[in-house]
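See below for the structure under consideration.
The values are calculated or read from the model by the stated rules, or taken from the named source; none is laboratory data. Computed from a prediction, not measured in an experiment: that's the story for all the values here. Positions of Cβ are backbone-derived with ideal geometry, glycine not excepted, and every protein chain shown enters the neighbour counts. Just the protein is used for accessible areas: all its heavy atoms, side chains included, with ligands, DNA and RNA removed. Shrake-Rupley method; radii C 1.70, N 1.55, O 1.52, S 1.80 Å.
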Amino acid sequence: AEGRYTFGLMAILGWGTPTLISVELGLIIQVPDPVLLAILGVVRVQLPDKKAPIINLQANFIGAVDFEKGEMFFFAALFESNLATYRIEGEMYFAISWGNNPNFIFSVGGFHPAFKPPPLRGISGPLKRLTINLLPTDNPRLTIQAYFAVTSNTVQFGASVDFYFKVSKFRVIGYLYLDALFRF
């Protein structure tokens with residue numbers, strides 16, 4: 001748009017020798033009115049080292065700050081992550097608004113099934129649960145999922161274990177769920 005300017009800065013940050021945590025970061029600012037700030041990139045945690053990690057967490061992230069509306073959000077999604085040989089998936093979301101209608105949301109893995117969150121800016125659907133597949137196949141299958149969320153008037157957490165095994169016409173199916181929602 002005429003009279004608007006966009007500037008960007010990119011960086012790679014690392015911590016530790018050898019590097020244990022690295023961040024590939026892009027920072028974008030748009031001026032003058034409204035002033036918008038966006039941050040995006042990839043964060044990697046590879047322990048004990050990059051060549052043979054036992055813990056390999058990698059997440060894409062994006063966030064934005066709208067100073068005129070008084071809003072900020074941050075979204076991250078794990079990809080190609082694992083704990084030893086177990087694959088890990090999941091998403092995280094954080095949002096805060098200030099001014100006339102202050103509010104905040106923080107969630108790792110989603111929300112309680114009975115909780116209706118407000119529309120989450122920057123994403124289109126529900127958050128993926130934090131998931132660890134303990135068996136790499138669909139038969140047999142053993143999956144653990146979890147979530148944790150805090151909003152301006154709730155605390156929520158939950159977990160589930162899903163087991164499935166099939167031989168010929170016989171199947172063994174097991175589920176164990178826990179969901180907790182505290183409203184203030």
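Out of the residues in the stretch 7-36 that are in a loop (DSSP other than H, G, I, E, B) and more than 28 Å from Ile132 (Cα to Cα), state the one that is most open to solvent (accessible area, probe 1.4 Å).
Thr17
Under 8 Å by Cβ, and 6 or more places apart or on different chains, what pairs join a residue from the stretch 56-80 that is open to solvent by 30 Å² or more (accessible area, probe 1.4 Å) with one that is of a type in the set (Lys, Arg) and part of a strand (DSSP E or B)?
Listed by first residue and then by second, the contacts come to Leu57/Arg44.
Listed here are the residues, each with its yes/no results for (1) within 16 Å of the chain's Cα centre (by Cα); (2) modelled with pLDDT under 95.
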| residue | (1), (2) |
| --- | --- |
| Val108 | yes, no |
| Leu120 | yes, yes |
| Pro126 | yes, yes |
| Leu135 | no, yes |
| Asn139 | no, yes |
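When you check Ile39 against the structure, is it open to solvent by 60 Å² or more (accessible area, probe 1.4 Å) and of a type in the set (Val, Ile, Thr), yes or no?
So Ile39 fails the test.
Report, by residue number, each residue of the stretch 147-170 that is part of a loop (DSSP other than H, G, I, E, B) and either open to solvent by less than 60 Å² (accessible area, probe 1.4 Å) or within 30 Å of Ile96 (Cα to Cα) (or both).
Result: Ser152, Asn153.
Can you go through Ile173, Ile105, Ile144, Ile132 and tell me which one is closer than 27 Å to Phe74 by Cβ, open to solvent by 60 Å² or more (accessible area, probe 1.4 Å), among the aliphatic types (A, V, I, L, M) and in a strand (DSSP E or B)?
Values: Ile173 fails: closer than 27 Å to Phe74 by Cβ; Ile105 fails: open to solvent by 60 Å² or more (accessible area, probe 1.4 Å); Ile132 fails: open to solvent by 60 Å² or more (accessible area, probe 1.4 Å).
Being closer than 27 Å to Phe74 by Cβ, open to solvent by 60 Å² or more (accessible area, probe 1.4 Å), among the aliphatic types (A, V, I, L, M) and in a strand (DSSP E or B) holds for just one of Ile173, Ile105, Ile144, Ile132, which is Ile144.
Can you name the residue in the stretch 108-129 that is more than 21 Å from Val65 (Cα to Cα) and among the hydrophobic types (A, V, I, L, M, F, W, C) and is also surrounded by the fewest Cβ atoms within 10 Å (Cβ to Cβ) among such residues?
Only one residue fits best here, namely Ala114.
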